[in-house]
Amino acid sequence: MFEATDVSRTTLRKVGLRLVPFLGLLYFVNYLDRVNIGFAGPSGMKHDLALSETVFGFASGIFFLGYLVLEVPSNLALHRFGARRWMARIMLSWGVIATAMVFVPNATVLIVLRFALGVAEAGFFPGILLYLTYWFPQRYRARIVAMFMVAVPISTAVGSTLSSLVIQYGDGIFGLSGWRFMFLVEGVPALILAVLTWFYLTDRPEQAGWLNAPEREWLASEIMREEAELADAEHWTLRRALTHPRILGLAAIYGGIAYGLYALGFFLPTIIAGFQQQYGTHYSVVQRGLITAVPYVIGAVAMVWWGRHGDRTGERRWHVALPSIIGGLAIPVALYLGNPFAAMTAVTVCAVGVLAALPTFWALPSTFLSGAAAAGGIALINSLGNISGFAAPYITGWLKDLTGTGRAGLWVVGVYMVLAGLGALALRRRE
């Protein structure tokens, strides 16, 4: 741990202003391309492609099987070849596939393209998490990850309204239905950003021409010192990081948090559309998008504040466990409330819990991993945890088809999130 000095404050401010907004923009586009199928589904895609809730959930979630296969190799490649080259490659390939969604003719092609999108994007999120460890000392990482990951609620909040507007007013442009035009509008930015990434990112502090010499030297030496301390305290090889029970336990905990994130991301627009039948209300496509945004706007504020609080106190386990448990308890409550306002309040509490837990969770692996072990370990946690990204929409959709209601699926969300919180409390720093 170090004392804040003029050079440290100036350096970290420069690094933060240069990297975090740009990386947040990349993640904004990434996450929107990942979940915009959730807006397309109730806005004509399920009808046009004759998708059942089960098939829609399967198509939404199969994206993450590609992640599972290639996440670790992709992150190791980033560690070897550098973030600038590898991130640009990832974004180019995902942009091509995301744009190809415009032309999907049936359920089979939809499933193939969603799987291919996962393969293309594998390594993006853990790659950025690894990249941040090259630039920010440990004591700042939860708040930095929170500021970067605020792109998740912003992409859902802004993206829900944007997607709804594009679907509503883009219908018929170029002869495309509204949901197809949405895939076009939201796929092209990834192609543009791939080019910008190649020229904008810097792989390591030592190469940062936009820092002066004292700033480069201080930051490089600080990061090297922390990595050396980790290696001296506990030696983690790549092989150990990929097989150790602590890593697998972190993956299970992340899976519970991610289960809540993706269940809400893929099915909240459908849940809100169902208010019409459940409560006798009626909302336009744009109104549904604005309502979907509310939990994520509040969650974005909570995410940044909670991440800063975690860094300030230095405590990690309770900062993961408490919001996970509260969010998990809140979501089933939403099922039994008598009006849409009360139900959305409970959903908002769940969203705040999910989003607040995420940045502090991702500060945990770098407390004991560095180098290639960090690259492989972070990727493994993300890939195994993101099995929930496949399971959540598929199980939620299957249970809705089976029972005729969304209640059973959201009960599963709540139980898994509570278990994730309890798992975080069971963690020990060293084993």
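The values are calculated or read from the model by the stated rules, or taken from the named source; none is laboratory data. Computed from a prediction, not measured in an experiment: that's the story for all the values here. Methodologically, a virtual Cβ is constructed for each residue, glycine included, from the backbone with ideal geometry; neighbour enumeration extends over all protein chains shown. SASA here: full protein model, heavy atoms, side chains in, ligands and nucleic acids out. Shrake-Rupley method; radii C 1.70, N 1.55, O 1.52, S 1.80 Å.
The set of residues in segment 179-223 that are crowded, with 20+ Cβ neighbours inside 10 Å, hydrophobic (A, V, I, L, M, F, W, C) and under 19 Å from residue 32 (Cβ atoms) comprises 179, 181, 182, 183, 190, 193, 194.
Residue-by-condition table, conditions (1) surrounded by fewer than 24 Cβ atoms within 10 Å (Cβ to Cβ); (2) closer than 22 Å to residue 379 by Cβ; (3) over 17 Å from the mean Cα position of the chain (by Cα):
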| residue | (1), (2), (3) |
| --- | --- |
| 28 | yes, yes, no |
| 33 | no, yes, no |
| 63 | no, yes, no |
| 75 | no, yes, no |
| 106 | yes, no, yes |
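Scanning segment 125-135 for residues that are in a helix (DSSP H, G or I) and over 16 Å from residue 387 (Cα atoms) yields 127, 128, 129, 130, 131, 132, 133. Looking across 326, 298, one residue alone is at pLDDT 85 or above, in contact with a Pro (Cβ under 9 Å, 6 or more places away or on another chain) and surrounded by fewer than 20 Cβ atoms within 10 Å (Cβ to Cβ). It is 298. Would you check if residue 319 is at pLDDT 75 or above and surrounded by fewer than 21 Cβ atoms within 10 Å (Cβ to Cβ)? The answer is no for residue 319. Condition first: open to solvent by less than 10 Å² (accessible area, probe 1.4 Å) and β-branched (Val, Ile, Thr). Can you find one or more residues in segment 90-98 that meet it? Yes, the conditions are met somewhere in segment 90-98.
Among the residues here, residue 131 qualifies as in contact with an Asp or Glu (Cβ under 9 Å, 6 or more places away or on another chain) and modelled with pLDDT of 85 or more.
Table: residues versus (1) touching an Asp or Glu at 6+ places or on another chain (Cβ under 8 Å); (2) at pLDDT below 70; (3) open to solvent by 10 Å² or more (accessible area, probe 1.4 Å); (4) at positive phi.
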residue	(1), (2), (3), (4)
350	no, no, no, no
356	no, no, no, no
360	no, no, no, no
373	no, yes, no, no
383	yes, no, no, no
386	yes, no, no, no
395	no, no, yes, no
